[in-house]
Amino acid sequence: AQSVTQLGSHVSVSEGALVLLRCNYSSSVPPYLFWYVQYPNQGLQLLLKYTSAATLVKGINGFEAEFKKSETSFHLTKPSAHMSDAAEYFCAVSDQDSGYSTLTFGKGTMLLVSP
Amino acid sequence: NAGVTQTPKFQVLKTGQSMTLQCAQDMNHNSMYWYRQDPGMGLRLIYYSASEGTTDKGEVPNGYNVSRLNKREFSLRLESAAPSQTSVYFCASSEQNRIGEKLFFGSGTQLSVL
């Protein structure tokens, strides 16, 4: 089964600073990778997804992620953090078994943004 | 457009009580999912329904049952609630059950079992 590992349960940045949230995947085949965001008291929303069309994927709200096969990584970045980016971020991988597909999530990284 | 709607939003149960969490989507999606979210554990799949008339176990199905009532609705039942089932439950849907598909999530049900 495929899996993802998110490094760091909490990341703190200042407003205007670079955001870097780390995700490594384990997969024996080319993976489909996702980043989802969860704002307080809400469900998850898709930020971006990688489906092998391009290694640099741009998402909503200025976020982007780069797929690096040599490093088995799919880190999420944003050049300049806003207060509104404070949320929990989940990396996920799409897996398939016996003809069915499921989405497996990492444990999440809480992004804290200070003024 | 409501998307994925879950009821109730909050629930407190005593150990041994039963309850059903309701989920409905209005996007004409074929596939629906139930996840639970626990601190430090991320989201874990409980059950899913790839299409109307089918259901399958996910990673953590013990203590739960599901019913795909029709294409719109997918309910999750706790027959005899236990404190270990205290969690936030999310329902999700997707157009199809295929690799790389985007999931749409409801806003969650916060369940406490005392």
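The values are calculated or read from the model by the stated rules, or taken from the named source; none is laboratory data. Since this is a predicted model, take the numbers as computed values, not measurements. Positions of Cβ are backbone-derived with ideal geometry, glycine not excepted, and every protein chain shown enters the neighbour counts. The area values use the complete protein model at the heavy-atom level, side chains included, leaving out ligands, DNA and RNA. Shrake-Rupley method; radii C 1.70, N 1.55, O 1.52, S 1.80 Å.
The table for this structure:
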| quantity | calculated |
| --- | --- |
| Pairs, first on the phi < 0 side of the Ramachandran plot in region B:61-73, second of a type in the set (Asp, Glu) and assigned to a strand (DSSP E or B), C-beta under 9 Å, six or more apart | B:SER67/B:GLU73 |
| Unique residue being closer than 26 Å to B:PHE104 by Cβ, touching an Asp or Glu at 6+ places or on another chain (Cβ under 9 Å) and aromatic (Phe, Trp, Tyr) when the list is A:TYR100, A:TYR89, A:TYR25 | A:TYR100 |
| Residue in region B:60-72 that is within 12 Å of chain A (Cβ to nearest Cβ), among the aromatic types (Phe, Trp, Tyr) and open to solvent by less than 30 Å² (accessible area, probe 1.4 Å) present | no |
| Residue match in region B:39-47 (condition: touching a residue at least 60 places away in the same chain (Cβ under 8 Å) and closer than 29 Å to A:THR109 by Cα) | no |
| Residues satisfying the stated conditions in region A:41-58, i.e. open to solvent by 30 Å² or more (accessible area, probe 1.4 Å) and farther than 14 Å from B:PHE104 by Cα | A:ASN41, A:THR51, A:SER52, A:ALA53, A:ALA54, A:THR55, A:LEU56, A:LYS58 |
| Test result for A:SER101, more than 26 Å from B:TYR89 (Cβ to Cβ), among the polar types (S, T, N, Q) and modelled with pLDDT under 95 | no |
| Those residues of region A:13-35 which are loosely packed, with under 12 Cβ neighbours inside 10 Å and either among the aromatic types (Phe, Trp, Tyr) or assigned to a strand (DSSP E or B) (or both), in sequence order | A:SER14 |
| Condition broken by B:ARG44, with the remaining ones in (1) assigned to a loop (DSSP other than H, G, I, E, B); (2) under 18 Å from B:ILE99 (Cα atoms); (3) within 12 Å of another protein chain (Cβ to nearest Cβ) satisfied | (1) |
| Of residues in region B:22-43 being among the small types (Gly, Ala, Ser) and at pLDDT 95 or above, the one most open to solvent (accessible area, probe 1.4 Å) | B:ALA24 |
| Residue within region B:49-56 that is open to solvent by 60 Å² or more (accessible area, probe 1.4 Å), not hydrophobic (A, V, I, L, M, F, W, C) and not in a loop (DSSP other than H, G, I, E, B) present | no |
| Of all residues in region B:28-41 being over 19 Å from B:VAL88 (Cα atoms) and touching a strand residue (DSSP E or B) at 6+ places or on another chain (Cβ under 8 Å), the one that is nearest to the other protein chains (Cβ to nearest Cβ) | B:SER31 |
| Top-ranked residue in region B:73-108 [being charged (D, E, K, R) and in a strand (DSSP E or B); ranked as surrounded by the fewest Cβ atoms within 10 Å (Cβ to Cβ)] | B:ARG77 |
| Hits in region A:85-113 (condition: open to solvent by 50 Å² or more (accessible area, probe 1.4 Å) and either over 17 Å from the mean Cα position of the chain (by Cα) or without any contact (Cβ under 8 Å) to a residue 12 or more places away in the chain (or both)) | A:GLN96, A:ASP97, A:SER98, A:GLY99, A:TYR100 |
